[in-house]
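Here it is, the structure in full.
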Amino acid sequence: MYTDKMLRDDALKGKNIVVTGGGSGLGKAMTKYFLELGARVAITSRDLEKLQHTARELEDETGGTCLPVACDVRHYDQVEAMLKQVLDNFGQVDVLLNNAAGNFISPTERLSANAFDTIIDIVLKGSKNCTLAFGKHWIAGKQQNTVVLNIVTTYSWTGSAYVVPSATAKAGVLAMTRSLAVEWAKYGIRFNAIAPGPFPTKGAWDRLLPGELKEKFDLARKVPLKRVGEHQELANLAAYLVSDFAAYLNGEVITIDGGEWLKGAGQFNLLDQIPEAMWDMLENTIRKNSR
Ligand code: COA
């Protein structure tokens, strides 16, 4: 079953993982599975109280060790302090999951310069701050077998109207993933990205499908597989990518969207609205005309 847990119980034993934005949503779902697989996980966000609550809940549920650390990824000094706190507690860190993000829908001309900056700062600058701080630390300590996993989106390469700051920033995160996969491979650091399609969470849905939009735009309908994603499916992929089973996977972006973005891209994909009976008529017409 696709919602089953994929890896063996101790698959991440001995790994120390930092999940930015781990207090809620998809970050929390991935954190929970990492804990179940034996990793120790530090979760970060601006809201320490929320993090503490999540950490307690996940520790109770999994029996694992979850460390809440306040950190606004937009500020490099806070990222350095977060790394230090993780090291003080765990002794070593092996995996960085750049999951923290910010987004809301808006016509671009309605955005203030600060609104645009805010999204770029969280998504692109935040991922850069964490990647640079952790990378410098790993390289200076000659630590091998480390991993950066970035959460992007399928509009990192297609672009998307109405979420332009996010699209711009996520494109940058994808470029950074691919660039450093090559440059820092010699230091034993692997870089990969996941591009999730619709995986409903409260945070994203309140900002991307507010109010009536939720009913008007049933995202499952845009997906060839006719459903949204289950959090465990994403957690399974993330756990695999940060595990040693993925040791030869580097510089890749893996889309997990049920075929959603390709459905929007293929020139003739709309033809799946044509009923079977009409195809007989169309085929006859095409054959007649091409004689
Ligand atoms: N439309 C237009 N502008 C908006 C807006 C909206 N819906 N929401 C916020 N802004 C503007 C603000 O007015 C402000 O600009 P201004 O100073 O010129 O007025 C700017 O964006 C920053 O907003 P502020 O609330 O001060 O920033 P913040 O750092 O507290 O919040 C957000 C950042 C807006 C991204 C907030 O939604 C957030 O914290 N999100 C994090 C989680 C998230 O987005 N998850 C979903 C990922 S899909």
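The values are calculated or read from the model by the stated rules, or taken from the named source; none is laboratory data. Keep in mind that this is a model prediction, so the values were computed, not measured. Cβ placement follows ideal geometry from the backbone for every residue including glycine, while neighbour counts extend to all protein chains displayed. These accessible areas exclude ligands, DNA and RNA; they are computed on the full protein's heavy atoms, side chains included. Shrake-Rupley method; radii C 1.70, N 1.55, O 1.52, S 1.80 Å.
At what distance in nm do the modelled label points of residue 282 and residue 50 sit from each other, each positioned 7 Å from its Cα along Cα→Cβ?
Going by the 7 Å Cα→Cβ label model, 4.6 nm.
In square angstrom, what is the accessible area per residue of the chain with a 1.4 angstrom probe?
52
Can you order the peptides 19-25, 243-249 by their average number of other Cβ atoms within 10 Å per residue, highest first?
By packing density, highest mean first, the sequence is 19-25, 243-249.
Roughly speaking, what is the centre-to-centre gap between region 161-190 and region 197-273 when only Cα atoms are used, to the nearest Å?
19
Roughly how many percent of the accessible protein surface of region 1-106 is carbon and sulfur, given a 1.4 Å probe and a whole-percent answer?
Using a 1.4 Å probe with all protein chains present, region 1-106 comes out at 45 percent carbon and sulfur.
Then there is this: What order, most packed first, do the peptides 180-186, 43-49 have when packing is the mean number of other Cβ atoms within 10 Å of each residue?
Put in order of decreasing packing, that is 43-49, 180-186.
Would you mind counting up the charge near residue 57? Only other residues with Cβ under 10 Å from its Cβ, with Lys and Arg at +1 and Asp and Glu at -1.
Local charge sum for residue 57: 0.
Scan around residue 253 for amide H atoms under 5 Å from its own, H built in the peptide plane at 1.01 Å from N, and keep only partners 5 or more places away or cross-chain.
193
May I ask you to list, by number, the DSSP H helices of the chain whose Cα span along the axis is at least 27 Å and whose average Kyte-Doolittle hydropathy reaches -1.0 or more?
Correct list, ordered by number: 164-183.
Counting helices only, and only those DSSP H runs with n ≥ 4, report the 222 nm mean residue ellipticity of the chain as the sum of -39,500 (n - 2.57) divided by its residues, in deg cm²/dmol to the nearest 500.
Per the formula, -13500 deg cm²/dmol.
Let me ask you something else. Pull up all non-local amide H partners of residue 23: gap of 5 or more, or a different chain, and H-to-H distance under 5 Å with H placed in the peptide plane.
When sequence neighbours closer than 5 places are left aside, the close amide H contacts are 44.
Once you have the Cα-Cα distance between residue 92 and residue 291, take 0.36 nm times their residue separation minus that, and quote the gain in nm to one decimal.
Fully extending the segment from residue 92 to residue 291 adds 64.4 nm.
For region 58-200, with the dipole built from +1 on Lys and Arg beta-carbon atoms and -1 on Asp and Glu ones, taken about the Cα centre, which of 92, 75, 131 lies farthest toward the positive end?
131
Can you order the peptides 104-113, 117-126, 225-234, 136-145 by their average number of other Cβ atoms within 10 Å per residue, highest first?
Per-residue Cβ counts within 10 Å, averaged per peptide and sorted highest first, yield 117-126, 225-234, 136-145, 104-113.
Still on this model: When the Cα centres of region 112-147 and region 1-41 are compared, how far apart do they sit, in Å?
21
Full extension from residue 247 to residue 112: what is 0.36 nm times the residue separation minus their Cα-Cα distance, to one decimal in nm?
My answer for the length gained is 44.3 nm.
What dipole magnitude, in Debye to the nearest 20, does the chain give about its Cα centre under +1 on Lys/Arg Cβ and -1 on Asp/Glu Cβ?
Details: 33 positive and 33 negative charges, 134 e Å.
Dipole of the chain, to the nearest 20 debye: 640 debye.
May I pose another question? Straight distance only, please: which lysines reach the Cα of residue 128 with their own Cα at less than 16 Å, same-chain residues fewer than 8 apart left out?
136, 170
Which residues in region 7-21 place their backbone N less than 14 Å from a point set 7 Å from the Cα of residue 145 along the Cα-to-Cβ direction?
Only 11-16 fall inside the zone, counting backbone N under 14 Å.
Give, as ranges by residue number, the residues of region 239-259 whose backbone N falls under 19 Å from the point 7 Å along Cα→Cβ of residue 179.
It comes to 250-253, nothing else.
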